[in-house]
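The values are calculated or read from the model by the stated rules, or taken from the named source; none is laboratory data. Please read all numbers here as calculations on a predicted model, not as lab measurements. A quick note on method: Cβ atoms are made from the backbone with ideal geometry, for glycine too, and the neighbour counts reach across all protein chains shown. Quick note on the areas: whole protein, heavy atoms, side chains included, nothing else; ligands and nucleic acids left out. Shrake-Rupley method; radii C 1.70, N 1.55, O 1.52, S 1.80 Å.
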Amino acid sequence: MGFLRIRTTVDERPGRLASLAAALADRGGNILGLSVQSDADGTVDEFVADIPAGPEAVREALEAAGGRRVQVVPATAHELTDEPTRALLLASRLRSMPWRLPEFLAELLRADDARWIYGEAVSDLPDPTLLVVPVAPKRAVRLRRAELPFTLTEAARAASFVRLAQPPVEQSAGEPVIRLSDGEEVTVRPLTSIYREAIRDLHDRCSPEARRFRYFTSMPALPARMFDQLCDRSRGHSIVAGHDGQVVAMASLMFTPDPGIAEMAFLVEDRWQGRGLGTALARSLVREARDLGYAEVRATMLSDNVRMRRLLLSLGATLGYTEDPGVMEARLPVGALASSA
C-alpha cells in the first residue's frame, strides 16, 4: 500500500502503545514516525508507517488492539521530515513574512485550506475538521482539514505559532500587578519557601468551606510535604497574590503524567472572592501552560462549588461529572484562550 498516516484514540494505560505497535507489525508495517497528542476524550497516538496492508485492514487491527476512532489516510515520503525541524523552519519563515500566517499555519498542521476570518464569531466551531485560531479580538485564521480532525494538541501548537507573528508584549517594570473589578490591586509572585508562614496564615483566615472546595476536605493547615511539592518547579508552577503584606490567594498549575495535560487549583481568601481575582489567576495559569507547551488544563472540583464552575465556564471550559457523582472535572483547551488571555 505504501505510506499511511494513522491516528487512533486510546485510553492511557500501560502497554497500550506497545499493543498498537505490535498490531501494525503483524500487518507488515514499519513505523517511521510517532507522536502522542492530547484530545478531548483521550490520548491520540499518530503513526506514519510504511505498510502493505490496506486502510481497512489497518483499522480493524488497531481496533482489535484497543484503538478507538481509528483514521487512516495516505501519506507521502515528504511527511517523514523531522517534525521539530519542520516547525522551526516554518517559524523562521513566519518571522520574516508574518502576513503569510494562514499559509504557514496550513503547512504546519497539514490543513487543506486556511483563510482569515473577521468579526465576532472567531470562537471554536463544533465541526472537528475546522479549527479557528484567534489572532486578535476580532480576527482569526480558520483552518479546514477534511480527513483528520484537529486535536487539542494541534490547537495549542497553532496558538503558539500565532504568537510569532504578533508584536512582542511590553514587559512592565517590577512584578505583575492585577487590578480587580473594584479597583483594588494585588501583586503576583511565584510561590517559594519564603511564603511558608504567609500560606499558613492564609489557611487560618479562609473559611472551612473555602478550604473544602480547594482540598475536598476542610484542611486546617497545609501539610509541610504538600507545601514543598507546590514549591517544587519540577512538579508544577504555583503563584501567590499579595496585598498589604498578606498572601490573599494561591493558585497552582501542576504537571501530570498525561501527555499535554496540566491541572490547576485555587485557594482565594473569602473576602477576596467575587472580585475577579480567581479569573485573573486562572488566565495567568493558562498563559503559563501555553508557554510550557501544554494543550489542555483541567480542574477537579466539588459539584457544589458554584463559583468555581462559573469561573471556568466563563473561560470556555467544558464540565463533566467523574465516576464520583459529587466531583466534576473542567477541561479547558489552551489554544482556545491563549491568544486572547
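Here residue 112 clears all of (1) within 23 Å of residue 260 (Cβ to Cβ); (2) touching a Lys or Arg at 6+ places or on another chain (Cβ under 6 Å) except the condition numbered (1). Annotation note: Cβ proximity below 7 Å between a residue of the range 319-331 that is in a loop (DSSP other than H, G, I, E, B) and a residue that is surrounded by 11 or more Cβ atoms within 10 Å (Cβ to Cβ) (sequence gap 6+ or interchain) occurs for 322/328; 322/329; 326/302; 326/303.
Looking for whichever is open to solvent by less than 50 Å² (accessible area, probe 1.4 Å) and over 14 Å from residue 335 (Cα atoms) here; the options are 146, 136, 114. Which one fits? Even if it seems obvious, please write down each step before you answer.
Details: 146 fails: open to solvent by less than 50 Å² (accessible area, probe 1.4 Å); 136 fails: over 14 Å from residue 335 (Cα atoms).
Sole residue among the options that is open to solvent by less than 50 Å² (accessible area, probe 1.4 Å) and over 14 Å from residue 335 (Cα atoms): 114.
Listed here are the strands (runs of 3 or more DSSP E) enclosed by the range 1-103 that have at least 3 residues being open to solvent by less than 30 Å² (accessible area, probe 1.4 Å), closer than 30 Å to residue 262 by Cα and not aliphatic (A, V, I, L, M): 2-10, 30-39, 42-51. Name the single residue, out of those in the range 128-145 being part of a loop (DSSP other than H, G, I, E, B) and modelled with pLDDT under 90, that is nearest to the chain's Cα centre (by Cα). The qualifying residue nearest to the chain's Cα centre (by Cα) is 128. Of all residues in the range 234-256 being open to solvent by 50 Å² or more (accessible area, probe 1.4 Å) and without any contact (Cβ under 8 Å) to a residue 40 or more places away in the chain, which is nearest to residue 11 (Cα to Cα)? Restricting to residues being open to solvent by 50 Å² or more (accessible area, probe 1.4 Å) and without any contact (Cβ under 8 Å) to a residue 40 or more places away in the chain, the top hit is 255.
Of 181, 207, all but one fail to be among the polar types (S, T, N, Q) and within 29 Å of the chain's Cα centre (by Cα); the exception is 181.
Residue check: is residue 160 modelled with pLDDT under 90, open to solvent by 20 Å² or more (accessible area, probe 1.4 Å) and not in a loop (DSSP other than H, G, I, E, B)? So residue 160 passes the test.
Tally the residues that are of a type outside the set (Gly, Ala, Ser), under 21 Å from residue 233 (Cβ atoms) and over 10 Å from the mean Cα position of the chain (by Cα), restricting the search to the range 265-287. Explain how you work it out, then say what you get.
First, pick out the residues of the range 265-287 that are of a type outside the set (Gly, Ala, Ser): 266-273, 275, 277, 279, 281, 283, 285-287.
Narrowing further to those that are under 21 Å from residue 233 (Cβ atoms): 266-267, 281, 283, 285-287.
In the following step, the residues that additionally are over 10 Å from the mean Cα position of the chain (by Cα) were identified as 266-267, 281, 283, 285.
So the count comes out to 5.
Taking the conditions (1) under 27 Å from residue 130 (Cα atoms); (2) hydrophobic (A, V, I, L, M, F, W, C); (3) at pLDDT below 85 in turn, residue 1 satisfies each one other than (1). Can you tell me which residue in the range 188-233 is modelled with the highest pLDDT, limited to those that are surrounded by 14 or more Cβ atoms within 10 Å (Cβ to Cβ) and of a type in the set (S, T, N, Q)? Per the criteria, the residue is 229.
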